[in-house]
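Just so you know, all these numbers are worked out from the coordinates, no wet-lab data involved. Treat the numbers as computed from the prediction; the structure is a model and nothing was measured. Here the Cβ positions follow ideal geometry from the backbone for every residue, glycine too, while neighbour counts run over all protein chains shown.
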Amino acid sequence: MTTPRRRTASRLALALFGLLVLVFGGMNWIVYNQARSMVVLVDGAPPPPDPTKLSAEEKLSLVFRGATLTRPQPKRSPADFALQATAVQLPPIDGPPLHADLVVAEEEVGTLVLLHGYLGARDQLLPVAAWAAGQGWSSLLVDQRGSGSSGGDRTSIGRLEAYDAAAAVAWARANRPGPVVVYGFSMGAAAAIGSVARAGATPDGLVLEGCYARMTEAVGWRVGMMGLPKSPLSQWLSLWGSVVLGANMLAQAPEDDAQHVKLPTLLLHGVEDTRAPAADGRRIEAGLKGPHRLVELPDTGHQLGVNHARGQWAAAVSTLLEQVSGPPATER
């Protein structure tokens with residue numbers, strides 16, 4: 001026979017269990033919204049707020065609902081850099097249709113496949129394309145999935161973009177003379193190394209600028225900006241991001257992809273970079289199987305070295321390009 005005390009204890013246990021389920025479900029709902037907001041891109045949405053400039057109340061609201069990220073669009077054109085470009089539609093590999101701008105250099109030596117960073121578009125690397133044209137290198141400026149004029153409405157911050165990079169390399173191989181080098185910044189760098197390791201791309205060399213070593217750590221940086229604990233939130237967000245994207249974001253790690261790369265590779269990292277610090281570059285470098293070099297750029301954060309440490313940047317990139325193509329014609 002059940003005593004009143006036992007019935008009360010059972011009811012309390014059931015209530016506590018229900019409360020725990022409610023709290024856990026609510027927390028998962030919040031984390032899911034946050035993960036979704038980081039990877040789903042909406043046409044015409046206002047620019048996301050800077051978390052470092054929000055009040056405590058605004059941060060709390062953002063924690064519950066997540067930010068709405070706008071689909072990135074180019075803000076500059078090749079003409080702004082005295083370049084002429086032709087629009088190219090790239091046949092996709094396991095992804096949506098892709099758009100790119102092709103800038104053809106005089107006395108073409110080879111082609112750079114240029115890949116932008118997270119929440120960027122094809123115009124982000126126009127300064128690199130302008131410099132490359134002066135060295136005799138053409139550029140294929142790619143809008144990765146969810147950006148600019150390419151298809152899709154999501155970004156995987158480098159995981160699935162590896163197939164976009166592979167599609168661009170395949171097009172350049174079939175349509176342009178000379179060697180092909182993939183140059184990626186931040187997310188684009190993660191896509192570049194992933195294209196070789198996981199998507200079957202066959203470029204002649206890689207330039208990886210500001211590349212994070214592991215996805216959960218890159219997500220952790222954004223979590224830290226909100227004043228929240230990086231662990232376990234970064235892993236939790238990556239888990240729900242995997243559900244939203246249908247891809248294993250927990251396994252996204254350029255430092256692991258490096259184990260499958262035997263190509264000449266240049267790693268560029270800003271000394272002041274807090275998002276993808278030089279230590280990340282050292283971890284990726286440790287796994288590379290081919291010729292490689294890590295260059296740390298002074299007075300540079302998570303930014304393109306061509307704009308902030310041009311001399312050292314240009315020397316390093318020139319060395320890599322000569323490695324895959326031979327010295328410039330004037331030196332042969």
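Structure notes:
- For the options Pro97, Pro74, Pro229, a Gaussian network treatment of the chain with springs between C-alpha atoms closer than 10 Å singles out Pro229 as fluctuating the most.
- Ordered by the count of other Cβ atoms within 10 Å of each Cβ, fewest first, Phe17, Phe81, Phe185 give Phe17, Phe81, Phe185.
- Neighbour net charge for Ser231 - beta-carbon separation under 15 angstrom, K R +1, D E -1: +2
- Dipole orientation for the chain: of the candidates Gln235, Val39, Ala85, Gln235 has the Cα lying most toward the positive pole (charges on Cβ; Lys, Arg +1; Asp, Glu -1).
- Radius 14 Å from Cβ of Val39, net charge of other residues (Lys, Arg +1; Asp, Glu -1): +4
- Ranked list, fewest to most other Cβ atoms within 10 Å of each Cβ, for Ile284, Ile30, Ile193, Ile157: Ile30, Ile157, Ile284, Ile193
- Directionally averaged projected area (convex hull, Cα atoms, the chain), nm²: 20.7 nm²
- Per-residue [θ]222 nm for the chain (sum of -39500 (n - 2.57) over DSSP H runs n ≥ 4, rounded to 500): -13500 deg cm²/dmol
- Lys, Arg +1 and Asp, Glu -1 on Cβ, resulting dipole of the chain about Cα centre, debye, nearest 20: 1780 debye
- Fewest-first sequence of Asp153, Asp299, Asp204 by Cβ atoms within 10 Å of each Cβ: Asp299, Asp153, Asp204
- Those aspartates and glutamates that a straight Cα-Cα span of less than 16 Å connects to Lys75, excepting residues fewer than 8 apart in one chain: Asp43, Asp101, Asp123, Asp143
- Residue among Ala79, Ala247, Ala166 with the largest mean-square fluctuation in a Gaussian network model of the chain, springs linking Cα atoms under 10 Å: Ala79
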